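Read-outs: derived from the displayed coordinates by stated rules, not from any lab. Note that the structure is a prediction, hence the values are computed from the model and not measured. Cβ placement follows ideal geometry from the backbone for every residue including glycine, while neighbour counts extend to all protein chains displayed.
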Amino acid sequence: MRSFLLRRLGQAVVTLFGVATLIFFLQRLTGDPTYLLVPETATPADIEAMRRTLGFDRPLIVQYLSFLADLARFDLGRSVVQNVPVSTIIASRVPYTLMLAGGALLVACGIGIPVGIALALWRENPVSRALAGLVLAAQSMPTFWSGILMIMVFAVTLRWLPPSSTGGVEHLIMPSIALGLLSMATFARITRTALLDELSKDYVRTARARGASRRWILVRHLARNAAIPVITVAALEISNLLAGAVIVETVFAWPGLGQVTVQSILARDFLVVQGVVLLGAFVTIGLNVLADILYSIVDPRIRLDGVAR
Amino acid sequence: MKSARLFIAGVALGALSAFAIGPAQAGRDRLVVDLVNEPSSLDPHVQWNPDSYYVYRNIFDNLLTRDDAGNIAPQIATSWKQLSDTEIEFTIRDDVTFHDGRKLTPEDVVYSVTRITDPKFGSPQLGQFNKITGAQASGPNTVKLTTDGPYPALLAQLVKLSIVPKHVVEAVGKDAFNQKPVGSGPYLFEGWQRGVQVALKRNDAYWGPKGKFPAAIFRAVPDAATRVANLQAGSSDLGVSLDSDQAAQLKSSSRAKPLAVLTERVAYLRLNPSKPPFDNADVRRAVAYAVDKEGLIEGVLGGYDKAVPIMLTPVHVGWVEGVKAPAYDPAKAKALVAKAGAAAKAEIELATAPVFDQRVVQAVQQMLTDVGLNVKIAMSDMASYLKRAQSGPETVPSLSFGRWSCACQDADGVIFPLLHKSSGWSAYRNTKADELLEAARATLDESKRIAAYKQVHEIVADEVPLVPLYQSAIIYGAANALQWKPTPNESMFLNRMDWKD
């Protein structure tokens, strides 16, 4: 277990270093924030002066080394647009992103997994077929459309919910549904496939022959075995939800990381983008390690150190 | 399942922090304004964008201001006197106190000028004020500014000079001041929830016209459709940056209305005369005749904007009536293109960026194609667009669409940078025009300046380095009960708004 963790940790550091290098140089290829910061009437000399203040006049390699040096001290630098530390910006956004991802995951799992189970167990039932159609339709709606539609119906016409922005839990309902609908179908499909796979296995037939009830088989045997692919997908979907909330956050004026990322990319606010990308890489790598550990808990036959028991 | 437990714990954690935040709801005691983004900074000297100055211009007073009619009017300075061509003396109000209770003195004005003009400070607004070479308190309530030559647009620039308290900025430093600004304006800073909202509170001790709303909130709502929905649902009172379709949507709402105003922003096409086919003046003229400005405004823009014959608007110093400019005449355009022959067929790159209305750009492309030109739209992001637009005649695109505002309502901030050879924006080389632009910059005599600008407008109409299109309108959405007259300089002064009874 320890050697596994150490190995994964080493891999994670190398991967993060690669991501940091890649995002640093990729961004520098795409232009210069100075032009966006000054009024139109700024002369070339004004622009040059601004660039010097921001430190963008230094050779690229010098900028890169100073970025790495800062990073080693866990200093993500300062936003050139907002004039505050990048860590302040990210820290103010993370809670909102987590809230939204959590709400969306609740919607996605809460509907997706039961629907997947229904689809696997009652394949020929017209109700489960109708459910499958609904799930597909929900996933097919683009968020910018379903989001605005929800706002028009529930906030403008019915006045049940606030149209946008943050506040109490009522503000979280529509954004969570809009975002959760996208992953719901994935959960339904994976659950269905995993259950069907397991249902056709010998141990299920044996258990049935032994006279075990359908419910017992489902709870005792199937749930654990079918959970493994679902956990894998959940880990992937969480990274997706954290990263893919840009449109939902924009439509609902939800101050999450996606929104600030897009704004920072457009403004060429390099250091903020770097910070968010590094955080994203960190979370994705972390979730994958976590999923590996969860496998071994759900299914003890999977050993983390690769040594057979 | 352990994974499920983990998720639930996460959600609970998130929900807990959600309750810590009070919901924003519009009401008569509090004005809720939806901006596009949150202010990037509230220190008035360290940024330049509307979402910031919409907010901080209520926290700070400027040296001068513009009244609702657009005329330059006293604010912190009550009067001013030109001592010589390069020296001007301002009398400073003696009844102004900052929000911390300290009196505003000429020293604060001097400090504000030297702070923003210090190249080491690195203000993006440096170019608006760097003609000022000196500032000194010349008496108990006077400040003398020195410029590096006669500078006719000085007063128009000082409309944007916010006065910051020297004692606070020096005591707390740039970063802390940015996060907790102290000004002398009609509203004082109450709090800033990053990414969510900035809250202001009325300054009951304000020296001038006091605000009608006890509190105001500025929120970031990036999607225009959401800003409209917020107005319709009554959860905001004012929203910025709507287009004509959204304005039409608000017209049918029972709660909100569109408020449109013609700004000092001019939409234009810029031609690069050093690149084919625009090295041929006839092909440039063909572009001027080919564009149906009225058609763009009525057909695409919803009728809010206004066609202009010259590269200015009626709210600029330097606007002249009666300049003979090419009017829409597709037959003439076709004839000019035919006259140029094969040379006119060179591919024209029409540069644009996502912030502009692409329907306008596509309509222009169509109009130019109709008269026989070969136009290809080249869209790039704003940073790349701006960089290339200022890179000099060899690399400036052969044609670009843009919207210009100097935020100074003076020709010197518009046609000088677009035409004069010293500017990165200029791809045009004309000694006569350069001399006229320099002459207009070097005198304080307004009639002489206008005479010079008139000649420049005539050169532009004949030589077509630019095709002025229209004076841009901006459309706000406002709650029915809100009374406000938006101004051409895109400011949002809360103490000039009121509830209608």
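Here are a few things to note about the model shown:
- Rounded to the nearest 20 debye, dipole of the protein assembly as shown from Cβ charges on Lys, Arg, Asp, Glu: 3400 debye
- Using alpha-carbon coordinates, inclination of helix B:106-117 to the longest axis of chain B, degrees: 50 degrees
- Relative exposure of A:Arg2, B:Arg284, judged by other C-beta atoms within 10 Å (fewest first): A:Arg2, B:Arg284
- Per-residue mean of foreign Cβ neighbours for A:28-37 is 5 (Cβ atoms of other chains, 10 Å radius).
- Charge dipole of the protein assembly as shown about the Cα centre (unit charges at C-beta), most positive-ward option of A:Thr97, B:Pro330, B:Asn141: A:Thr97
- Remark: segment A:207-212, residue by residue, has Karplus-estimated 3J(HN,Hα) of 4, 4, 4, 6, x, 5 Hz, where x stands for each Gly or Pro and the curve is 6.51 cos²θ - 1.76 cosθ + 1.60 at θ = phi - 60°.
- For segment B:262-392, pairs of C-alpha atoms spaced more than 19 angstrom apart make up 54 percent of the total.
- Whichever lysines have a C-alpha closer than 19 Å to that of B:Lys257, once near sequence neighbours (fewer than 8 apart) are set aside: B:Lys485, B:Lys500
- Selection from B:Ser422, A:Val273, B:Pro214, by position along the positive dipole direction of the protein assembly as shown (Cβ): A:Val273
- Between 0 and 90 degrees, the angle of helix A:223-243 with respect to the longest Cα principal axis of chain A falls at about 20 degrees.
- Centre separation in Å (Cα based) which lies between segment B:338-371 and segment A:229-254: 41 Å
- Fewest-first ordering of B:Glu490, A:Glu40 by other beta carbons within 10 Å of each residue's beta carbon gives B:Glu490, A:Glu40.
- Cα gyration tensor shape for segment A:35-180, rounded if a/c is under 1.5, else prolate or oblate: prolate
- Within chain A: Cβ-based charge dipole about Cα centre, in debye rounded to nearest 20 (Lys, Arg +1; Asp, Glu -1): 1600 debye
- Shown for B:Leu368, A:Leu105: other C-beta atoms within 10 Å of each C-beta, ranked fewest to most, produce the order B:Leu368, A:Leu105.
- Normalised by 2.2 N^0.38 Å, where N is the number of residues, the C-alpha radius of gyration of segment A:33-84 stands at 1.30.
- Taking only the alpha carbons of segment A:210-252, we obtain Rg and Dmax values of 17.5, 56 Å in that order.
- Computed [θ] at 222 nm, deg cm²/dmol, the protein assembly as shown (DSSP H ≥ 4; -39,500 (n - 2.57); rounded to nearest 500): -15000 deg cm²/dmol
- Number of partner chain Cβ atoms within 10 Å, mean per residue of B:218-228: 6
- For B:Asp292, neighbours were defined as the other residues whose beta-carbon sits under 11 Å from its Cβ, and their charges (Lys and Arg +1, Asp and Glu -1) total -3.
- Per-residue packing, averaged as other Cβ atoms within 10 Å, sorts the ranges A:285-292, B:341-348 into the order A:285-292, B:341-348, beginning with the highest.
- Taken about its Cα centre, chain B carries a charge dipole of about 900 debye when Lys and Arg each add +1 at the Cβ and Asp and Glu each add -1 at the Cβ.
- The shape of the protein assembly as shown comes out prolate: with a ≥ b ≥ c from the C-alpha gyration tensor, a/c is at least 1.5 and a/b beats b/c.
- Against chain A, whose longest principal axis comes from its Cα atoms, helix A:270-298 is set at around 20 degrees.
- Rounded Å value of the spacing that divides the Cα centres of segment B:189-258 and segment A:61-117: 28 Å
- Which of A:Ile217, A:Leu242, A:Ala188, positive extreme of dipole for chain A (C-beta unit charges): A:Ile217
- Segment B:113-224: C-alpha gyration tensor shape, a/c 1.5 cut-off, then a/b vs b/c: prolate
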